[in-house]
Amino acid sequence: MNFEKVVFGFFVLLAATMNFGYVLGDIGDPAMHNSYELYVAVLVNVVAAVLKLGDRTHVGAVHLAASLVACLQLGAASVMWVLIEQTGDAAPSTHEMASVVSVAAGALLANLVSLVILVVETVNYRGR
């Protein structure tokens, strides 16, 4: 068993599940979406992106691209959340929260693409 592949798969899957956990729930209800969960999703996605940097194959490039998209979108969602918290007097409105969660949902799609690539790559792997 290749420990490097285990760690890689772990972080790819963890990135997707953390993102899914944040997005899950009523899109406009701020009580359903914890800001700390969003920040942990950003952190795990950055770790997953860093782990993908060493792969020089075409599949590795697509993995990295999907991870960078997820990081970018989760970063944008975090910035939106911070700006909403800093400029507003109360909890985020339904519209504001829906915007943050929608951007995070785009990152979830990128994470799902990365998961599909990982599964296809694993199924097609031929041991040497």
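Does Leu109 meet the test of being within 9 Å of the chain's Cα centre (by Cα) and open to solvent by less than 40 Å² (accessible area, probe 1.4 Å)?
no
Of the residues Ala61, Ala31, Ala41, only one is assigned to a helix (DSSP H, G or I) and within 14 Å of the chain's Cα centre (by Cα); which?
Result: Ala41 is the single residue among Ala61, Ala31, Ala41 that is assigned to a helix (DSSP H, G or I) and within 14 Å of the chain's Cα centre (by Cα).
Any chance the stretch 4-16 includes a residue that's exposed (fewer than 15 other Cβ atoms within 10 Å of the Cβ), aromatic (Phe, Trp, Tyr) and under 14 Å from the mean Cα position of the chain (by Cα)?
Checked against the condition, which is being exposed (fewer than 15 other Cβ atoms within 10 Å of the Cβ), aromatic (Phe, Trp, Tyr) and under 14 Å from the mean Cα position of the chain (by Cα), the stretch 4-16 yields at least one hit.
Is it the case that some residue within the stretch 89-98 is touching a Phe, Trp or Tyr at 6+ places or on another chain (Cβ under 8 Å), of a type outside the set (Val, Ile, Thr), modelled with pLDDT of 90 or more and open to solvent by less than 30 Å² (accessible area, probe 1.4 Å)?
Looking for residues that are touching a Phe, Trp or Tyr at 6+ places or on another chain (Cβ under 8 Å), of a type outside the set (Val, Ile, Thr), modelled with pLDDT of 90 or more and open to solvent by less than 30 Å² (accessible area, probe 1.4 Å), one finds none in the stretch 89-98, hence no.
Please determine whether any residue of the stretch 44-51 is surrounded by fewer than 23 Cβ atoms within 10 Å (Cβ to Cβ) and assigned to a loop (DSSP other than H, G, I, E, B).
No, every residue in the stretch 44-51 fails to be surrounded by fewer than 23 Cβ atoms within 10 Å (Cβ to Cβ) and assigned to a loop (DSSP other than H, G, I, E, B).
The values are calculated or read from the model by the stated rules, or taken from the named source; none is laboratory data. Worth saying up front: this structure is predicted, and the values here are computed from it rather than measured. Neighbour counts are summed over all protein chains in view; Cβ atoms, including those assigned to glycine, are modelled from backbone coordinates with ideal geometry. These area figures cover heavy atoms from the full protein model, side chains too; ligands, DNA and RNA do not enter into them. Shrake-Rupley method; radii C 1.70, N 1.55, O 1.52, S 1.80 Å.
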